[in-house]
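Please treat every number below as a calculation from the coordinates, not as lab data. Quick caveat, the model's predicted, so the values are computed rather than measured. No Cβ is skipped: glycine too gets one built from the backbone with ideal geometry, and neighbour counts run over all protein chains shown.
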Amino acid sequence: MGATVIAAALLGTAGCSSSSTTSPKTSASPKTFTVKQLILGETLKHSFQPNGTGAMQTEALVQPDDIAFLSGHLYVGFQNNVGSQGEAAGSGNLDSTLVELTPTGSIVKQWNVQGKIDGMGADPAAGRVIVTVNEDSKSSLYVESGGAITHYTYTQSPLPHMGGTDAVSVYNGKILISASAPGTSGTAPKDAAAVYVVTLNAAAKTAAVTPFFAINATATAVNGTNAGKTVTLALTDPDSNMVMPSSSPKFAGDFMLNAQGDQQLIFSGPSGQNLQVVKINNAVDDSAVATSASGTLYMTDSSADTVVAMTGPFKPGTMYTAIAPCNSNSAPSTCPNPPAWPPNSLGSIDLATGAVTIAYHGPVTPKGMVFVP
């Protein structure tokens, strides 16, 4: 599609801080966003051997998920219907596809990687993109640098939390990766990691993990009935993560973990201690903080197999997010199921109250996102 101009509503201050899922509200202050499609998956192809054997086949790229920005280019992971433990798609395909493109949508390069891409993060200091595959179990990671891609396996298999790995952030020089789906391949320890610090061994092509903080760590509640009190976390769904920009009005410079199904955001400094937790009133997927009014919010739309660019004006300091009701632990087995359980939408999060508010009505159901000022 071409560029479209769509009325949107930005962050409101009202809302509840309960952990139960509620239909997100829309504020009464309209703004205008312009949305432009950059790429459509069905116009991009990849080749694969069904179940790893036989003659090569070709199919379109589908299910764009995570997105990252490095050195002026975007990187998008297309999952291509691969299962969450690397199971073959119905076509027999075992590979996701990492696509590098310019901000205007020109394809630079693409790579097939075995497994389901579900986490991605840029490491600007090292000039590389780190990609994780298989968020539930049987996980590994890939590193793209200088046009070449390298596969790393974890030194522990299964991982200590008996799950997979997901989102990637580089924080104060540390590679932090969400320890997703604890307990998938066995009983997870009570103090299993929610986030790992990952150390890469380039010579051996291995990745070692140590805990950053645990699923049962203590934290200070920011909102809700326990506001200001110390609480014990009981995380079941460590998912996306990010580093808050230094200009953020709250939690500036902190690392943030989104415990998606639990509807909690956990904030940490470099030590992995002195955590703070914000309860939110809807499940969310990726988030991004607007650091300028005139930047661009790049988003993947997995249901439409597209990557889009949204321009503002944005309200600097606003945390935009992919509202994802169907990813709540309380979601029904058949989902989306409107109106109570709608598809994904673009929203914003009030980090003081935990209110998740719809920010945009239009033909985009966002999943991954990154803001480029």
Checklist entry - In the Gaussian network model of the chain, springs joining C-alpha atoms below 10 Å, which of 264, 110, 79 carries the largest mean-square fluctuation? => result 110
Item to check | Pairwise Cα inverse-distance average, inverted: Kirkwood Rh of segment 175-235 (Å) | outcome: 13.3
Item to check | Among 331-339, 272-280, 203-211, 186-194, the order from most to least packed when residues are scored by Cβ within 10 Å on average | outcome: 272-280, 186-194, 203-211, 331-339
Checklist outcome for this item: When the chain is treated as a Gaussian network with springs between alpha carbons less than 10 Å apart, the largest mean-square fluctuation among 91, 71, 328 is found at 71
Checklist outcome for this item: Pairs over 19 Å Cα to Cα, from 45/116; 36/367; 138/190; 116/190; 250/315; 36/116, come to 138/190; 116/190; 36/116
Item to check | Using θ = phi - 60° and Karplus 6.51 cos²θ - 1.76 cosθ + 1.60, couplings along segment 148-160 (whole Hz; Gly, Pro as x) | outcome: 10, 10, 10, 8, 10, 10, 6, 6, 10, 9, x, 5, x
Next on the checklist: Please list 3J(HN,Hα) in residue order for segment 93-102, calculated via the Karplus relation 6.51 cos²θ - 1.76 cosθ + 1.60 where θ = phi - 60°; whole Hz, with x for glycine and proline.
Outcome noted: 5, 10, 10, 8, 10, 8, 10, 9, 9, 7
Checklist entry - Quick one: length gained pulling residue 73 to residue 330 fully straight, 0.36 nm per residue minus the C-alpha distance? => result 88.8 nm
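Mind checking the full-extension length gain between residue 352 and residue 34? Use 0.36 nm per residue of separation minus the Cα-Cα distance, one decimal, nm.
Stretched out fully, the residue 352 to residue 34 stretch lengthens by 111.6 nm.
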Checklist entry - So what are the ³J(HN,Hα) numbers for segment 245-252, from phi and the Karplus equation (6.51, -1.76, 1.60; θ = phi - 60°), rounded to whole Hz, Gly and Pro as x? => result x, 5, 8, 4, x, 10, 6, 4
Next on the checklist: Check which residues have an amide H placed less than 5 Å from residue 264's amide H, if you skip close sequence neighbours.
Outcome noted: 259, 280
Checklist entry - Looking at the P(r) of segment 37-87, how many percent of alpha-carbon pairs lie beyond 13 Å? => result 68
Checklist outcome for this item: When the chain is treated as a Gaussian network with springs between alpha carbons less than 10 Å apart, the largest mean-square fluctuation among 43, 353, 199 is found at 43
Checklist outcome for this item: Final fewest-first order of 109, 174, 229 on the 10 Å Cβ neighbour count is 229, 109, 174
Checklist entry - Roughly what percent of Cα-Cα pairs across the chain reach past 26 Å? => result 47
